[in-house]
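Shown next, in structure tokens, is the structure this report addresses.
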Amino acid sequence: MNDRELFENNCFPMFWLEDEEHFKPEIQQRKDLDTLLAELEDIKNQIDNISAREWHLAKLMKLHNAGIAR
């Protein structure tokens, strides 16, 4: 059953609003393997950058706690 049929049968879904936005069929987006691999590589690079920044900040905190850095 779609949302319209549920509504007409007096079964109100919790997300139901008075606009027709929820009654539009969802369009599935499919990506090819190359696109997914490129996105995965970007995520890996972001994780590497965050890890490097985390390591650098930990070193700075260690120096700060030792009283070497201001």
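Using 0.36 nm per residue and subtracting the Cα-Cα separation, the extra length available between E54 and L33 on full extension is 4.4 nm. Scalar couplings 3J(HN,Hα) for the stretch 46-60, obtained by applying the Karplus form with A = 6.51, B = -1.76, C = 1.60 to θ = phi - 60°, are 5, 5, 4, 5, 5, 5, 5, 5, 4, 4, 4, 5, 5, 5, 5 Hz; x denotes Gly and Pro. Taking the fewest neighbouring Cβ atoms within 10 Å as the starting point, the ordered list for R30, R4 is R30, R4. Note on N45 and R4: their simple-model spin labels are 4.5 nm apart, each label 7 Å out from Cα toward Cβ.
Read-outs: derived from the displayed coordinates by stated rules, not from any lab. Everything numeric here is computed off the predicted structure, so don't read it as measured data. Every residue, glycine as well, gets a Cβ built from its backbone with ideal geometry; the counts of neighbours run over all protein chains shown.
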